[in-house]
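The values are calculated or read from the model by the stated rules, or taken from the named source; none is laboratory data. Computed from a predicted structure; not experimentally measured. When we count neighbours, we look across all protein chains shown, and the Cβ atoms used for this are built from the backbone with ideal geometry, even at glycine. We work out accessible area using only protein heavy atoms, side chains counted, and drop any ligands, DNA or RNA first. Shrake-Rupley method; radii C 1.70, N 1.55, O 1.52, S 1.80 Å.
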Amino acid sequence: MKNITLLPGWALAPQNMQPLREALLERLSDINVDILPLPAIQLSSLETDLSSLAQRIRPGVLIGWSLGGMLAVQLHRRFPEHFGQVATLAANACFVERKSWAAAMPTETFKAFYNDYREAPEKTLKRFGLLVAQGSADARQLAKQLTWDNQDPEQRLHGLAVLGMLDNRVALSKPTQPMLHCLGAQDALLPEAAAQDLAMLHEGSRVAIHSHASHALPLEQPLWLAEEIAGWLERQHA
């Protein structure tokens, strides 16, 4: 039996991944699909935090949404024998722009969001939910469906710092097996230009784009994601 583990995004509860879990179980036979919450992580203990997370996950396929996707890539880099296959959903190589990675969130925008969350976490989280759903045909209704995790504001702030600092370009350019990157063309948190840049990092990896989807891919397009993931897995074992 193949094990698939789903990891949600920053501040998002595992329940948000349930539509994708159900779609994967329907599309693929003889699989086990787990959903794990993101742990409390921080830059000062990131290596230990990742090792602890790895111990909680059954070896197999990792599928991560946004920050969950970036952490899945980091786990693949450290433990390729356990997590050889990785699919990312609405995840960039760098969430915040770098000198040689412009297709990302502007630094000043990220800093402003970080400071806003530190000063007014509940208000900022609500605004974040609207950004996650922005681009959907029914963005407000989709935003209402989002479920938040159980971390406290300080823990989430540490996770946000990790999101801003992670740089997966090297890991994405040298995976032990080709990866799958699924993106929404209407994503308000990830520039559309990132798709081409991600494709250029590793020619064997696949970038799939849903032309009408937002950042909330697991909730908005679970059937499309399940088909992309299943096809990708089946081609690798053909």
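Tabulated data
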read-out	value
Listing of helices (runs of 4 or more DSSP H) fully contained in region 131-223 that carry 2 or more residues being closer than 17 Å to GLY64 by Cα	153-165, 169-173, 194-201, 217-220
Residues located in region 119-155, provided they are among the polar types (S, T, N, Q), under 27 Å from SER44 (Cβ atoms) and open to solvent by 90 Å² or more (accessible area, probe 1.4 Å)	ASN150
Count of residues meeting criterion [without any contact (Cβ under 8 Å) to a residue 60 or more places away in the chain and open to solvent by less than 10 Å² (accessible area, probe 1.4 Å)] in region 82-97	1
Qualifying residue in region 60-77 (condition: assigned to a loop (DSSP other than H, G, I, E, B) and of a type in the set (A, V, I, L, M, F, W, C))	no
Residue count, region 53-71 (criterion: in contact with a helix residue (DSSP H, G or I) (Cβ under 9 Å, 6 or more places away or on another chain) and over 23 Å from HIS215 (Cβ atoms))	2
Subset tally (residues that are within 21 Å of LEU172 (Cα to Cα) and within 13 Å of the chain's Cα centre (by Cα)) for region 207-216	1
Of the criteria (1) at positive phi; (2) at pLDDT below 95, which one GLY135 fails	(2)
Options LEU46, LEU38, LEU53: the member that is closer than 20 Å to GLN85 by Cβ and either assigned to a helix (DSSP H, G or I) or among the acidic types (Asp, Glu) (or both)	LEU53
Filtered residues of region 4-35 (kept if open to solvent by 30 Å² or more (accessible area, probe 1.4 Å), out of contact with any Pro (no Cβ under 6 Å at 6 or more places or on another chain) and not in a helix (DSSP H, G or I))	SER29, ASP30, ASN32, ASP34
